[in-house]
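Notes to accompany the following structure.
Bear in mind that the values in this text are calculations on the coordinates, not laboratory data. Since the model is a prediction, treat every value here as computed from it, not as a measurement. Because the Cβ atoms are built from the backbone with ideal geometry, glycine has one as well, and the counts that use them run over all protein chains shown.
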Amino acid sequence: MGDIGIDFGGNPVPIVDFGLFLNPPSPEAKKATANSIVQAFGTVGFVYLMNHGIPQDKVDECYDWSKKFFALPLEEKKKCLRVHPPTGPYHRGFSGVANTGPVVRQALEMSRDDVPEFPNRWPDESALPHFKDFCLDFFQTCYKSQLDILHAIALGLGLEEDYFDSYHTQKENQLRFLYYPSVDEHSLRSGDEERLDAHTDIRTLTMLFQDEVGGLEVEDPYNPGVFRSSPPIKGAMIVNIGDLLQRWTNDMLHSPMHRVRAPPLKETEEVDSTGAKVKMTPPRYSIPYFATPNLDAIIECIPGSWNETRAKKYEAINTQDYIDMTVKSKQRQYNYVK
């Protein structure tokens with residue numbers, strides 16, 4: 001079976017060996033793995049995927065590039081300042097603070113690089129040679145993995161494996177590098193520095209790589225309002241369903257509430273005015289990738305998700321209209337960060 005384990009007493013997110021889907025020893029093993037993934041997405045909305053197909057050395061290299069970018073002088077990073085198309089589904093570029101609220105982080109956001117009116121924002125090649133090339137290659141790697149995951153979801157839902165492929169050809173996706181700087185104990189306890197409040201994601205799905213610091217918490221599906229830590233697992237990708245795929249499946253799959261909390265404090269050699277050692281959180285890096293359907297795609301409840309005894313809850317909707325409607329209704333201003 002693809003399901004490696006689950007513990008609802010602590011971390012509610014199951015672990016699935018995705019290698020049994022990508023390189024199945026039998027058709028039965030492939031289908032069982034797909035079923036395990038869909039079962040996870042239908043309950044907690046999250047799953048850890050082991051053996052997901054992206055080499056660990058490539059993920060590690062991505063972290064290295066992310067750290068190199070955030071270590072650049074601020075003036076260099078400002079050359080990449082974020083822009084947001086008035087009708088587009090994504091930001092592009094660098095931001096040093098949140099759009100709203102006290103969340104403190106730095107982010108670099110990028111998408112497909114063939115939209116002249118909304119170009120990605122890159123540092124000068126001389127400042128960070130080969131950075132752009134790596135990022136675009138990693139974006140493509142994530143896109144391939146996205147399709148693999150969608151194949152598993154389709155199979156687990158009883159659809160043809162390629163059911164979602166034609167809806168995701170334009171690569172309207174977003175790769176984001178995130179850096180949460182260290183926070184001192186006083187700021188953390190006073191609320192001056194926060195991470196990210198509970199939210200859901202709005203797209204098809206999100207693939208997330210966490211560093212060893214972690215901080216992700218997921219709502220327990222059996223105890224609404226209770227959040228459980230979902231720590232990083234070396235070699236695993238953590239994936240969650242977005243609002244659009246929940247709608248697309250007529251609520252068969254669950255777009256989960258989740259949040260980011262500050263990691264435990266650690267003592268430093270610095271001393272405060274009382275003579276006590278200053279405590280700081282360690283810096284945190286994460287790399288989410290947001291999968292989005294073609295903006296002109298019509299999203300309608302999938303076959304088999306409704307019948308005479310199960311109502312069809314949602315009318316067909318255009319992807320772009322859905323994103324605009326969802327962002328406006330939640331007043332998110334695209335402040336969904338992991």
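So here's what we get for this one:
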read-out	value
10 Å beta-carbon shell around H91, net charge (K/R +1, D/E -1)	+3
Semi-axes of the equivalent ellipsoid for the range 209-263, Cα gyration tensor, largest first, Å	23, 14, 8
Two-site label geometry, K68 and D162: point separation in nm, points 7 Å out along Cα→Cβ	3.7
Label point 7 Å beyond Cα of H130 along Cβ direction - residues of the range 61-80 with amide nitrogen under 16 Å	61-69
Stretch gain in nm, segment S182-I298, where the contour uses 0.36 nm per residue and the Cα spacing is subtracted	37.4 nm
E61-T309 FRET efficiency (beta carbon distance; Förster radius 51 Å; 0.05 resolution)	0.50
Environment charge of N173, counting only residues whose C-beta is closer than 10 Å and scoring Lys/Arg +1, Asp/Glu -1	+2
Karplus-derived 3J(HN,Hα), 6.51/-1.76/1.60, for each residue of the range 28-41, Hz, glycine and proline x	5, 5, 4, 5, 5, 5, 4, 5, 5, 5, 5, 4, 5, 5
Net charge of Cβ neighbours under 14 Å - reference K234; Lys, Arg +1; Asp, Glu -1	-4
Net length gained if the chain between K31 and A198 were fully extended (0.36 nm per residue, minus Cα distance)	56.8 nm
18 Å Cα-Cα reach of K79 towards lysines, excluding residues that sit fewer than 8 places from it in its own chain	K67, K68, K132
